[in-house]
Amino acid sequence: MDVSTPSRRPRSAESCPWQADGRFAADLPLEDYPSTMLLRLAQAIQQQVSATYARAHGLSVAEWRMLARLNSEGSVQLATLCRALAMDKAYAGRLLRSLGAQSLVTVEADPAHGRRLIVAITPAGRALARRILPQARASQEQLLRSYSAPRLFLALRSRYRPLRRRANPHA
């Protein structure tokens, strides 16, 4: 055993390191923080559900998320798109360059405000999104069949909406 590494007792699947009153165990590793677990679960689900059909159409999962959002909203300010997708502008910019190179989106300066950028889906982008959407819906339905769909939806919505309002009070 490496003595430089502190030893932790392995946790069984049944032992919960979170206290009933909301406190953590003193030695709680970062990977057991609720926010870390939720984020990783969401990323894993997104990857599992989206990767196959996104890759089949030459898109990364993040590019597909952006294209799908633009398909539903048309044109939007870059800052608004970033908030909706929970992406920073630098990452969104890289995705937009890739999608733009594929002629799926356009990015132009807002004529009403020179420093603001407007992002829009092109007809080719809309056509691609429309081809992918049936596969996306089928994957989401398959995911919901794995859970009690109504209970899962209500639990997620009741927790997410207040958090979103606190994080984006002006949205």
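Once the Cα atoms are used to define both axes, helix 61-73 deviates from the longest principal axis of the chain by about 50 degrees. Other residues lying with their Cβ under 14 Å from the Cβ of Ser72 contribute a combined charge of +4, Lys and Arg counting +1, Asp and Glu -1.
Given a 1.4 Å probe and the protein chains as shown, Ser148 ends up with an accessible area of around 50 Å². Legend: calculated FRET efficiency, Arg151 to Ala120, from the Cβ-Cβ distance at R0 = 30 Å, rounded to 0.05, equals 0.20. Within the chain, the longest run free of trypsin sites (Lys or Arg not before Pro) that sit in a DSSP loop with at most 12 other Cβ atoms within 10 Å is 24-171. Calculate, for Arg130 and Glu31, the FRET efficiency according to 1/(1 + (r/R0)^6) with r their C-beta to C-beta distance and R0 30 Å; round to the nearest 0.05. So the FRET efficiency works out to roughly 0.15. For segment 69-171, chymotrypsin sites (Phe, Trp or Tyr not before Pro) are listed when DSSP marks them as loop and at most 15 other Cβ atoms sit within 10 Å of their Cβ; the list is Tyr147.
For Phe24, the residues whose modelled amide H falls within less than 5 Å of its own, excluding neighbours fewer than 5 places apart on the same chain, are Gln19. Surface exposure of segment 47-142, expressed per residue as accessible area with a 1.4 Å probe, stands at 55 Å².
Sequentially through segment 33-39, phi angles give Karplus couplings (6.51, -1.76, 1.60; θ = phi - 60°) of 5, x, 5, 5, 5, 5, 4 Hz, Gly and Pro residues having no value and appearing as x. Between Arg161 and Gln48, the FRET efficiency from the beta-carbon distance, with R0 = 35 Å, is close to 0.90. Pairs of Cα atoms nearer than 8 Å and 6+ residues apart set the relative contact order; for the chain it is 17 percent. In this label model, Leu144 and Ser75 are separated by 3.3 nm, measuring between points 7 Å along each Cα→Cβ vector. Taking the 1.4 Å solvent-accessible surface of segment 34-171 as the whole, the part contributed by carbon and sulfur is 56%. Orientation-averaged projection of the chain equals 14.8 nm² [convex hull of Cα atoms, one quarter of hull surface area]. Under a 5 Å amide H cut-off, with hydrogens placed 1.01 Å from N, Arg116 pairs with Asp110 among residues at least 5 apart or on other chains.
The values are calculated or read from the model by the stated rules, or taken from the named source; none is laboratory data. These numbers were taken from a predicted model, which means no experiment stands behind them. Every residue, glycine as well, gets a Cβ built from its backbone with ideal geometry; the counts of neighbours run over all protein chains shown. SASA here: full protein model, heavy atoms, side chains in, ligands and nucleic acids out. Shrake-Rupley method; radii C 1.70, N 1.55, O 1.52, S 1.80 Å.
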